[in-house]
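Peer 1: Take a look at this one; I'll ask things after.
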Amino acid sequence: MSGRWWVRGRNTLRRRRRHVLVLAALAGGAVWMIVQAWQASRRAAGSFQGELYLNIGAALIMTLLTYVVLNPLFRELQTASIIEHPRLDRDALIERVAQSKETVAILETWTSMLEGPYVDRFNGALRSALANGATVRVLLLDPDSPAVRLRGAELRRRDASVAILNNLWHLARLHDELPETPRSRLQVRVYNAAPSVQMYRWDGKAFISFFPVRGSTFDTQQIEAFVSTPLGEFVADRFTELWETAPLQDLEACLTLRLCLRQGGRDLETCEALYVRVDGDWYIAGRDLVRNVARHGLAGLTVVLDRPEAAGEVFALDEADELAPEVYRRVVELFRAKYGLDGRNDTENRVIFNLVGRSPAAA
């Protein structure tokens with residue numbers, strides 16, 4: 001809780017500091033011009049230089065007064081311009097995202113904009129925004145967090161984990177297809193807090209909705225508001241807080257797991273693997289794993305993960321197809337949702353291992 005208030009307080013301080021800096025710059029410039037005009041008039045009354053300084057100083061004073069008077073009025077007008085929609089206007093969202101030039105930000109459990117009939121159009125809109133120079137930030141719920149299981153139970157008819165992993169698959173495909181410069185501006189993270197608010201932001205405006213106890217946010221009332229309004233600032237602060245405290249900081253970490261293979265007290269290889277988690281357990285796949293198992297065998301083969309949540313823990317490898325059938329089917333379902341059926345999921349990647357926790361001393 002203290003961290004949340006610290007982030008919000010810092011963001012509020014930044015906004016106030018920006019206003020104070022504008023006022024200070026205008027006031028300082030006006031004073032400096034007037035002083036220069038006074039000094040020039042002492043040297044030569046009615047000089048051109050003195051008149052110039054005086055006119056510029058007077059203009060800065062008028063600009064300062066205008067800013068002080070009109071800035072609150074603009075904020076009031078933006079607040080008054082809040083528009084309510086009975087549901088998310090997907091067509092309008094696609095159009096506005098495509099026209100964005102600065103910022104696109106999505107805060108969701110998962111987004112149906114990357115599902116069904118919308119995925120190609122929305123991907124095209126994201127491409128356009130990135131081509132315009134915008135930074136796209138997507139923040140989705142951790143597919144193995146307690147919050148996602150709660151949200152799935154509330155919706156009943158949807159498997160939230162599968163939906164989130166499928167979103168990650170579409171974002172990974174988009175990421176791989178982008179040129180290097182726009183690719184660096186497509187940023188994806190996952191959060192593990194309880195979901196409370198949805199946001200689709202394009203530059204200075206956003207669609208905002210609060211999660212209903214039952215049902216999808218897409219079918220509930222949406223508020224279209226400027227981000228600079230109190231409501232917009234509140235939701236933007238929430239996004240920043242979740243973004244900065246996200247356990248996975250980039251799309252690569254969402255998709256691949258870096259690990260070290262060991263046997264007989266020596267390191268064999270450091271490699272990357274595909275992975276999913278089910279109820280906190282790790283399931284991994286990849287050609288490097290298959291190659292090492294074929295060469296060294298499973299006996300005594302251990303794994304150390306390069307992840308903070310598994311720091312200091314050593315795992316043994318087992319073949320996942322020896323698990324209970326319902327568990328194995330669930331793991332395969334999540335792998336398919338996350339990695340699809342393209343080149344990422346070749347024959348070697350279909351061999352799935354589960355990690356069995358061991359103490360460091362036992363390794």
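The values are calculated or read from the model by the stated rules, or taken from the named source; none is laboratory data. If you're wondering where the values come from, they're calculated on a predicted model, not measured in any experiment. Note that we place each Cβ from the backbone using ideal geometry, even for glycine, and neighbour counts take in every protein chain shown. Surface areas here come from the heavy atoms of the whole protein model, side chains and all, with no ligands, DNA or RNA. Shrake-Rupley method; radii C 1.70, N 1.55, O 1.52, S 1.80 Å.
Peer 1: Looking at the structure I just gave you, is L171 within 23 Å of E252 (Cα to Cα) and aliphatic (A, V, I, L, M)?
Peer 2: Yes, satisfied.
Peer 1: Let me ask another. Would you be able to say whether some residue in segment 207-221 is in contact with a strand residue (DSSP E or B) (Cβ under 6 Å, 6 or more places away or on another chain) and farther than 22 Å from A160 by Cα?
Peer 2: no
Peer 1: On to the next question. Test V327 against the stated conditions and say whether it is modelled with pLDDT of 90 or more and over 30 Å from H170 (Cα atoms).
Peer 2: The answer is no for V327.
Peer 1: Name the single residue that is surrounded by the most Cβ atoms within 10 Å (Cβ to Cβ) among those in segment 301-311 being of a type outside the set (S, T, Y) and more than 28 Å from the chain's Cα centre (by Cα).
Peer 2: Checking each candidate, the answer is V303.
Peer 1: Return yes when L165 is among the aliphatic types (A, V, I, L, M), within 14 Å of T109 (Cβ to Cβ), in contact with a Pro (Cβ under 6 Å, 6 or more places away or on another chain) and modelled with pLDDT of 90 or more and no when it is not.
Peer 2: yes
Peer 1: I would also like to ask the following. Among residues belonging to segment 140-162 that are closer than 17 Å to W282 by Cβ and of a type in the set (G, A, S), point out the one that is modelled with the highest pLDDT.
Peer 2: My answer is S161.
Peer 1: Further question: What's the total number of residues in segment 232-266 that are modelled with pLDDT of 90 or more, part of a strand (DSSP E or B) and open to solvent by 40 Å² or more (accessible area, probe 1.4 Å)?
Peer 2: 2
Peer 1: Okay, moving on. So in segment 97-112, with the set limited to residues that are part of a helix (DSSP H, G or I) and modelled with pLDDT of 95 or more, which one is most open to solvent (accessible area, probe 1.4 Å)?
Peer 2: Residue satisfying both the conditions and the ranking: A98.
Peer 1: Also, quick follow-up: Can you pull out the residues in segment 337-350 that are at pLDDT 80 or above and surrounded by fewer than 17 Cβ atoms within 10 Å (Cβ to Cβ)?
Peer 2: Of everything in segment 337-350, just one residue is at pLDDT 80 or above and surrounded by fewer than 17 Cβ atoms within 10 Å (Cβ to Cβ), namely G340.
Peer 1: Would you check which residues across segment 185-201 are in contact (Cβ under 8 Å) with a residue 60 or more places away in the chain, more than 18 Å from F234 (Cβ to Cβ) and touching a helix residue (DSSP H, G or I) at 6+ places or on another chain (Cβ under 7 Å) and list them?
Peer 2: Result: L186, V188, R189, V190.
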